[in-house]
Amino acid sequence: MLKRIFSVIDSRESAYDRYDSRLFYQTRIRLLYCTGLRLGEALELKISDIDFTDNIIIVNSGKGNVSRLVPFKASLSKWLINYNRKKSKPGDTYFFESPSGGRRCNHSITTTFRKNILPKAGVSLASVNGHSRGPCIHSLRHTFACNALDQMIKEGKDPYCALPYLSVYLGHTDITNTEIYLRLTMERYDEVINVGHYIYERVLGGGSDD
């Protein structure tokens, strides 16, 4: 499913709407998938919050007023640097600055993801009591968490010892919020676990920096 979603994003020739370009969605969704940031945290990012030299994002006052450092891989750095070079204008404050200036709106992005991107990727959204159910943009954060925990387990770390590290990285104030990912990770969905290389390298290309 994830490969289909990113294939839809990467193959679009035109903007998704009159405001946002293909590059915006390519970069933003990769950022969410590869760092586990919440959508609101990503849209709150200022250009000055991203250290392109050491590949670290500073999240200021995330959910629960928790600030943290979020390192990211060089493969994602290519996308962020490319977006910053092509899209940032003098005087911009936010990394994903709105075309009209200031912070972008969460709602328009979540709507585009569910009503435009997911259907084109063949992802059906069931309706329950008049409300759609199925993947949403926050699912990218859950996928990142499962991938990260899975990788630590593969490296021989005790999963229960790994949970506190993942909890801090995700900005959880209570480790019980992180424990759900242990159960999900044990299910080991191959599509979730093995999709990373495609997502990092598609379009920009280049060698592996993982």
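The values are calculated or read from the model by the stated rules, or taken from the named source; none is laboratory data. All of these numbers come straight from a predicted model, not from anything done at the bench. Cβ coordinates were reconstructed from backbone atoms using ideal geometry, including for glycine residues, and neighbour counts include every protein chain displayed.
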* **Residues (modelled with pLDDT of 50 or more, in a loop (DSSP other than H, G, I, E, B) and touching a His at 6+ places or on another chain (Cβ under 9 Å)) located in region 173-210** => Thr178
* region 153-172, residues that are modelled with pLDDT under 85 and surrounded by 12 or more Cβ atoms within 10 Å (Cβ to Cβ) -> Ile153, Pro159
* Taking region 133-149 as the region of interest, how many residues are modelled with pLDDT under 85 and either over 23 Å from Leu39 (Cβ atoms) or crowded, with 19+ Cβ neighbours inside 10 Å (or both)? -> 1
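Yes or no: region 104-123 includes at least one residue that is part of a strand (DSSP E or B), surrounded by fewer than 15 Cβ atoms within 10 Å (Cβ to Cβ) and at pLDDT below 90.
Within region 104-123, not a single residue is part of a strand (DSSP E or B), surrounded by fewer than 15 Cβ atoms within 10 Å (Cβ to Cβ) and at pLDDT below 90.
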